[in-house]
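A quick write-up on the structure given underneath.
The values are calculated or read from the model by the stated rules, or taken from the named source; none is laboratory data. It should be emphasised that the depicted structure is a prediction, and the values quoted were computed from it without experimental measurement. Every residue, glycine among them, receives a Cβ derived from its backbone with ideal geometry; neighbour counts consider all protein chains shown. Surface areas here come from the heavy atoms of the whole protein model, side chains and all, with no ligands, DNA or RNA. Shrake-Rupley method; radii C 1.70, N 1.55, O 1.52, S 1.80 Å.
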Amino acid sequence: MSILRDLEDRFRQALASVTDDPEPYVEMLRRSQDSKFGDYQANFAMALGKRLGRPPRDVAAEVVDKLDVADFCYRPDVAGPGFINLRLRDDWVAQRLAEAVGSERLGIAPVGAAEKFVIDYSAPNVAKPMHVGHIRSTVIGDSLCRTLRFLGHEVVSDNHIGDWGTQFGMILYGFRHFRSEEAYRQDPVQELARLYRLVRQLIDYHEGCRELPALEQRLAEREAQLAEKQGQSVAADDKKAQKEKAKNVRRLEAEVAEAREKLTDLQAKLETVEQDPRLAQLAREHADIGAAVLAETAGLHAGDEESLRLWREFLPFCLEEINRLYERLGVSFDHTLGESFYHDQLAQVVDDLIRQNIARESEGAICVFFPDSDVPMLIRKKDGAFLYATTDLATLQYRIKRWQPDAILYVVDFRQSMHFEQLFAAARRMGCENVQLVHVKFGTVLGEDGRPFKTRAGEVVGLESLLDEAVRRAYDVVSTNDDAKPTGPELPPEQRQRIAEVVGIGALKYADLSQNRESDYVFSYDKMLAMNGNTGTYMQYAYARVRNIFARGSVDIESLRRSGTPIRLDTPAERGLGLELLRFAEALDAVAADYRPSQLTSYLFELAGLYSTFYDACPVLKAESEELRQSRLLLCDLTARTIRQGLQLLGIEVVDKM
Ligand code: ARG
């Protein structure tokens, strides 16, 4: 239970005597931005007064009169037009902190009504190398699992890997036509990845050749329009027409630039193939590779023996590859039930939907239509093939039957919004009513140029090399920091390396989790590894610095925790830090409320800031009395433990030295 929740409950009761719909007003309860106005503020009196046709101050006074918070707040204060300011009692804050000191869970009680969540995250299409786009789903999903579990909910994590799609058609085709026996024997994972990339490149080449004329035409058209507009004569004194013309010219210039860029990108791609004699020849020999790959996939799905045998042979290699990354990221799943797991349930799903009149035939295909949209959801193609949506329907049914969850969260790119809207709407019609279905969507990772993150050569960056680079740079940061220590460096190279792994990967995760998940964000090693600002590196450093005090003062923190020393909050800095420590529960509630780990990173960043204020204002090891020294050491200890616990819920480790 968080302080805010507690206060909300009390207000709900007090408001009940004034209005029969207290909820919107309860929701207006906030922590105060400025401690001048207490710790929490309720600003509903204006809105409620208006609705009741009464002066806001009267309404506020009446609510305060009914409000029963004396056990943890001083007497509430009504200010200005009717703001209710609440200040927590110092003895109460100190008491809660003392409890947190003695508690494994920092005094945070598990939720009263535990719910069961199934969380679908990461879910890469295996057989393709993982790339930067996969980091978001993986780290956001992992953090949500950890946080919901910590709060006391039951969580089933299920990695819905793509192990049955076209990418297998691609490696089957590649394996049959382009494999090197030798390379496959030595390093099957590498060889399969190479085959995937090669087939992808050839397919893209032929698609590109087909698109080229249209792009050229588009550019020519835009250029002609631009020339025409520029040549258009407008009277020099007609300011409005002049302005209009300039605006149109600018718009067309932008369109020309865009069309030219697309064309140049495509030409570069085509040239890469054409200028490499070996690739050029392969492209000529495999002119219909796109269709052939689809046929490979269809053969696999139809149960072709040899294809299935190869698929079974390849799959473990693909899994080995992704598991290596998961291990490095510290991520694990309760289940990995990929698309292939549902394959033989798909025909039944389609039949059921037809029988229940939820799906029907349209131009040979089977579709689910929605009253408020022109786009149907396709569940069986004309040629009999099933689709992504069909598999998701089967998966949904299976999950409900097996786990009976209260909610299923899908941590997936926002570009799949339409898919999930349709999936959820179809599910409702199929009678899935008692389960909450949520698309926890996220934006794109951009390069510093503001476009989706690619290497300079225009290739998608593999996740592994991304991690390596983050760790390499973290090593430099750790070394620079260590070299600059006043007493000289203290970390041998192997220790620096171990710290760099934790710091590098932590920085990468934190950079992602600290974003509002729905926004795109710019990937920057420099920013994520900065020692200042809201970064993982800063938080890890803050943790190590707090811990350092115990070493410097030769403090046996374990026994101090058991000593029952009271916490003193005599100065604003101590009280501010103490109160922020108690707000950890609030931050976790906020994460769970709409599945936003960024609520936790913001909290931790603020906590670290209040710790700095405290540390600057209050001597710890040299405090005036032994009692005060111990109280302050306990505040340091709680800060360190809260940061560590918070980072742990983000899936980030800490080090004791940096
Ligand atoms: N494999 C899919 C992709 O890479 C994501 C799957 C997400 N989960 C789901 N149940 N659809 O786009």
Can you tell me which residue is nearest to residue 203 (Cα to Cα) among those in region 220-275 that are assigned to a helix (DSSP H, G or I) and among the β-branched types (Val, Ile, Thr)? 273
Tell me yes or no: at least one residue of region 364-385 is in contact with a Pro (Cβ under 7 Å, 6 or more places away or on another chain), part of a strand (DSSP E or B) and either modelled with pLDDT under 95 or surrounded by 15 or more Cβ atoms within 10 Å (Cβ to Cβ) (or both). yes
From 409, 337, residue being open to solvent by less than 70 Å² (accessible area, probe 1.4 Å), within 14 Å of the ligand (Cβ to nearest atom) and in a strand (DSSP E or B): 409
Can you tell me which condition residue 417 does not meet? The list is (1) surrounded by 15 or more Cβ atoms within 10 Å (Cβ to Cβ); (2) modelled with pLDDT of 90 or more, and all the others hold. (1)
What are the residues in region 109-136 that are closer than 25 Å to residue 583 by Cα and either surrounded by 19 or more Cβ atoms within 10 Å (Cβ to Cβ) or within 14 Å of the ligand (Cβ to nearest atom) (or both), if any? 117
If residue 370 passes every condition in (1) over 22 Å from residue 123 (Cα atoms); (2) more than 16 Å from the ligand (Cβ to nearest atom); (3) free of Cβ contacts under 8 Å to residues at least 40 places away in the same chain but one, which one does it miss? (3)
Keeping to region 412-428, report how many residues are within 22 Å of the chain's Cα centre (by Cα) and more than 10 Å from the ligand (Cβ to nearest atom). 5
Examine region 88-98 for a residue that is within 16 Å of the ligand (Cβ to nearest atom), open to solvent by less than 10 Å² (accessible area, probe 1.4 Å) and either touching a residue at least 12 places away in the same chain (Cβ under 8 Å) or under 24 Å from residue 648 (Cβ atoms) (or both), and state whether such a residue exists. no
Top-ranked residue in region 373-406 [being under 11 Å from residue 118 (Cα atoms) and aliphatic (A, V, I, L, M); ranked as farthest from the ligand (Cβ to nearest atom)]: 400
Would region 630-639 turn up any residue that is surrounded by fewer than 21 Cβ atoms within 10 Å (Cβ to Cβ) and over 33 Å from the mean Cα position of the chain (by Cα)? yes
Filter region 432-458 down to residues that are over 30 Å from residue 522 (Cβ atoms) and open to solvent by 50 Å² or more (accessible area, probe 1.4 Å) and give me whichever is modelled with the highest pLDDT. 436
Check 613, 535 and return the single one that is surrounded by 21 or more Cβ atoms within 10 Å (Cβ to Cβ) and among the polar types (S, T, N, Q). 535
Only residues in region 407-432 that are farther than 15 Å from residue 388 by Cβ count as the first member; pair them with residues that are more than 12 Å from the ligand (Cβ to nearest atom) and of a type in the set (S, T, N, Q), Cβ under 6 angstrom, at least 6 apart or cross-chain, and list the lot. 407/436
Is it fair to say residue 169 is without any contact (Cβ under 8 Å) to a residue 60 or more places away in the chain and away from the ligand (no atom under 13 Å from the Cβ)? no
Inside region 528-556, can you point out the residues that are more than 17 Å from residue 647 (Cα to Cα) and assigned to a helix (DSSP H, G or I)? 548, 549, 550, 551, 552
Could you check how many residues of region 370-402 are over 23 Å from residue 434 (Cβ atoms) and hydrophobic (A, V, I, L, M, F, W, C)? 6
Answer with yes or no whether residue 151 is surrounded by fewer than 23 Cβ atoms within 10 Å (Cβ to Cβ), more than 16 Å from the ligand (Cβ to nearest atom) and within 20 Å of the chain's Cα centre (by Cα). yes
Requiring at least 2 residues that are farther than 28 Å from residue 515 by Cβ and not polar (S, T, N, Q), the helices (runs of 4 or more DSSP H) wholly within region 563-657 are 572-582, 598-617, 626-649
Does region 154-166 hold any residues that are within 16 Å of the ligand (Cβ to nearest atom), over 15 Å from residue 311 (Cα atoms) and open to solvent by 10 Å² or more (accessible area, probe 1.4 Å), and which are they? 156, 160
Can you find a residue that is open to solvent by 50 Å² or more (accessible area, probe 1.4 Å), modelled with pLDDT of 95 or more and part of a loop (DSSP other than H, G, I, E, B) anywhere in region 50-66? no
